[in-house]
Ligand code: HEC
């Protein structure tokens, strides 16, 4: 007799002895199904599939989010050499413009036209657009005495002269480049090492330059 599918009532009324019951339990225990079999493999497959998904997503994320950086650099685009050069030059002109506004415009005016009879114009001046050594020397040491700019005399009174402007070689290169290209001027860019050599060549000069001195140092600049 088997106990399978039998109610307690039926077992009791079947007249089974205790030993029969024990034997029957042992038999049932032996044929008992492994409860986990069948659904053990399904979660394993899910774990594997999800693992793969997370792995693939991570790679994708790493590619699209700058290696997980929370604050990626603003510029992640590679600039071509030409673009880098344009940026460099724009920064230089911007810096030069600021230096001009702070250190020169009070006398030579923002429009570079100066003030008639007092401050000479930088727009269209040979002192600016010819040899860059001239304007560099003027910034380094200042200028005094009579000069002629665009047919007009300046520096006729000793009280009106220009003192040396205390800025470093890089700043001079920036402001000189700016002035040489501002308004109607179209002269070449000037570099820091050129300023440095003008500075060392003029180290003996203690006083402000005079217009005559500069004209004899740069004769070809004033020839036409
Ligand atoms: C305080 C007023 C003043 C400031 C500031 C000043 N200058 Fe001058 N600058 C003068 C005067 C005045 C002369 C003429 C001096 C003379 O004739 O003796 C002059 C002459 C010049 C000249 C030669 C003449 C010409 O017009 O081309 C240049 C170039 C020049 N300055 C550039 C500059 C630059 C660049 C700066 C700023 C970094 C500057 N100056 C700042 C007053 C000033």
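Remarks
- Residues in the range 125-137 that are touching a strand residue (DSSP E or B) at 6+ places or on another chain (Cβ under 9 Å) and surrounded by fewer than 21 Cβ atoms within 10 Å (Cβ to Cβ): 125, 126.
- Condition check for residue 176 on (1) surrounded by 15 or more Cβ atoms within 10 Å (Cβ to Cβ); (2) touching a strand residue (DSSP E or B) at 6+ places or on another chain (Cβ under 6 Å): one failure, at (2).
- Filter pass, residue 205 being more than 9 Å from the ligand (Cβ to nearest atom) and touching a helix residue (DSSP H, G or I) at 6+ places or on another chain (Cβ under 6 Å): yes
- For the range 115-130, a residue qualifies if it is within 6 Å of the ligand (Cβ to nearest atom), touching a helix residue (DSSP H, G or I) at 6+ places or on another chain (Cβ under 8 Å) and either outside any helix (DSSP H, G or I) or farther than 21 Å from residue 164 by Cβ (or both), and the qualifying residues are 119, 120, 121, 122.
- Single residue of 165, 149, 160 found to be surrounded by fewer than 20 Cβ atoms within 10 Å (Cβ to Cβ), near the ligand (Cβ under 10 Å from one of its atoms), modelled with pLDDT of 95 or more and over 39 Å from the mean Cα position of the chain (by Cα): 149
- Residue within the range 88-105 that is crowded, with 16+ Cβ neighbours inside 10 Å, under 15 Å from the mean Cα position of the chain (by Cα) and away from the ligand (no atom under 12 Å from the Cβ) present: yes
- Residue match in the range 125-144 (condition: more than 17 Å from residue 209 (Cα to Cα) and over 41 Å from the mean Cα position of the chain (by Cα)): no
- The residue that is nearest to residue 138 (Cα to Cα), counting only those in the range 207-224 that are in a loop (DSSP other than H, G, I, E, B) and free of Cβ contacts under 8 Å to residues at least 60 places away in the same chain, is 223.
The values are calculated or read from the model by the stated rules, or taken from the named source; none is laboratory data. Just so we're clear, the structure is a prediction, and the values are computed from it rather than from any experiment. No Cβ is skipped: glycine too gets one built from the backbone with ideal geometry, and neighbour counts run over all protein chains shown.
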